1. For the stretch 67-73, just list the computed ³J(HN,Hα) in residue order, Karplus coefficients 6.51, -1.76 and 1.60, θ = phi - 60°, integers in Hz, with x standing in for Gly and Pro.
2. So how do Arg185, Arg66 line up by other beta-carbon neighbours within 10 Å, fewest first?
3. Net charge around Glu222, counting only other residues with Cβ within less than 14 Å of its Cβ (Lys, Arg = +1; Asp, Glu = -1)?
4. Treat each spin label as a single point 7 Å out from the Cα along the C-beta direction, and report the Glu142 to Lys65 distance in nm.
5. Amide H of Asp223: which non-local residues (sequence gap of 5 or more, or other chain) have their own amide H closer than 5 Å, using H built in the peptide plane?
6. Please list, in order along the stretch 197-205, the HN-Hα scalar couplings obtained from phi with the Karplus expression 6.51 cos²θ - 1.76 cosθ + 1.60 (θ = phi - 60°), rounded to whole Hz, x for Gly and Pro.
7. How do Leu262, Leu80, Leu27 line up, fewest other C-beta atoms within 10 Å first?
8. Compute the length gained on full extension between Phe31 and Glu257: take 0.36 nm times their separation in residues and subtract their Cα-Cα distance, giving the result in nm to one decimal.
Amino acid sequence: MIESLKNILGVGLVSTTDFQITIGQLLLVPFFLAIGYLGLKWLVSFTAKGMNERNVSPDVVQIVKRAIFIIGIIVLLITLLDFLHVPLTAFAFVSGAVAIGIGFGAQNIINNFISGWILMWERPIRINDYIEIGDTSGNVEEINTRSTRIRRVDGVHMLIPNSKLLEEMVVNWTLVDKLLRSIVRVGVAYGSDVATVKNVLEDVVASHPLVLEEPVPQVIFEDFGDSALVFDIYFWVNSAGEKSAREIRSDLRFNIEHQFRLHDIVISFPQRDVHVDGHITFKESSQAEPSKNV
C-alpha cells in the first residue's frame, strides 16, 4: 500500500532534461505556499507592532511593511522553485514575454507603482496628513503601491492614483506642522463704539481654548463698508484640516454674537434709504359710463 502510494506520488507530470515535477511535489505546493504566506504575514505584523510601540512614524512603518512583504514573496517563490528543482533559466523566455506585455499594456500600473514608492520614500505626503487635490480634500489614511486612500470630511473614502499625486498640484496643510491661520469677519452698524468692538473681539478670541497664544491673534479694522464697519479677526490654531478650523470659526461666531448682544452692539445688515424728491400730479377723469338699457 505504502509502496503503491510512493509510486503514484513519484510519477512525473512535467519532465525535461533539466528538471522533473512529480505529483507529490505538486501536492505540497499549496501547503508550502500557505505556510510561507502565513509566516510572512506574522513577521510583518510582529515588526509593525514593535515599531508602533517605539512610536515610529506611520510612514516608516508602512515602508518597512511593504519592503518585508515584497522581499518575503520573492524569497518564498525562489525557495519554491528550488524545492521543485526548477532552474530560473527556465523562465527566461517567459519573463521576456511578460516584460514586453507589461511594457505595452501596463504602463499606468507601473507608473502608479513607482509613484507609490516615491511617495513613501520622499514623504511629500504622509499618513494622517490633510491634503487638497483639485476639488477633493481629506486625511491620508493609507499609501499603497498603486493608490492612496484618503477620507474626506464627509466620511467618504477615495482612492487616488499615486501618479496623480506627483503630477498635479497638491496642497498639504500639515506638511511641516499643523499650524493654520484662519479668519473671522464681522460687520457692525455705523455709530458703534469701535474701541468696545475691538475689546470684545479680542476677549472672545483669547478665551477660546483652541486658539494659540503665539502667534498673537489680531483684530483689524478692515474697512468702511457700504452698510457696516468691517472687522477681521486673524488667529492661529493647531488644525488637522479644514473641518476642525471651521468648527473653531463657528464657536467664535457664536460667542461674538452672544457678547455683542450683551454689549448692545448691533451686527449690521444691508440697508438702503430711499428719498423721493419731486411733485407727483394725479389727474382724475370723470367720464360717465354709458348707460345700459335692459
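1. 5, 4, 5, 5, 4, x, 5
2. Fewest-to-most ranking of Arg185, Arg66: Arg185, Arg66.
3. Computed value for this residue: -1.
4. Output for this residue pair reads 0.7 nm.
5. Answer set, sorted by chain and number: Val230.
6. Whole-Hz 3J(HN,Hα) from phi for the stretch 197-205: 4, 4, 4, 5, 5, 5, 5, 5, 6.
7. In increasing order of surrounding Cβ atoms, one gets Leu262, Leu27, Leu80.
8. 74.4 nm
Since every read-out is calculated from the coordinates, none of them should be taken as a lab result. All values derive from a computational prediction rather than experimental measurement. Virtual Cβ from ideal backbone geometry, glycine too; neighbours counted across all protein chains shown.
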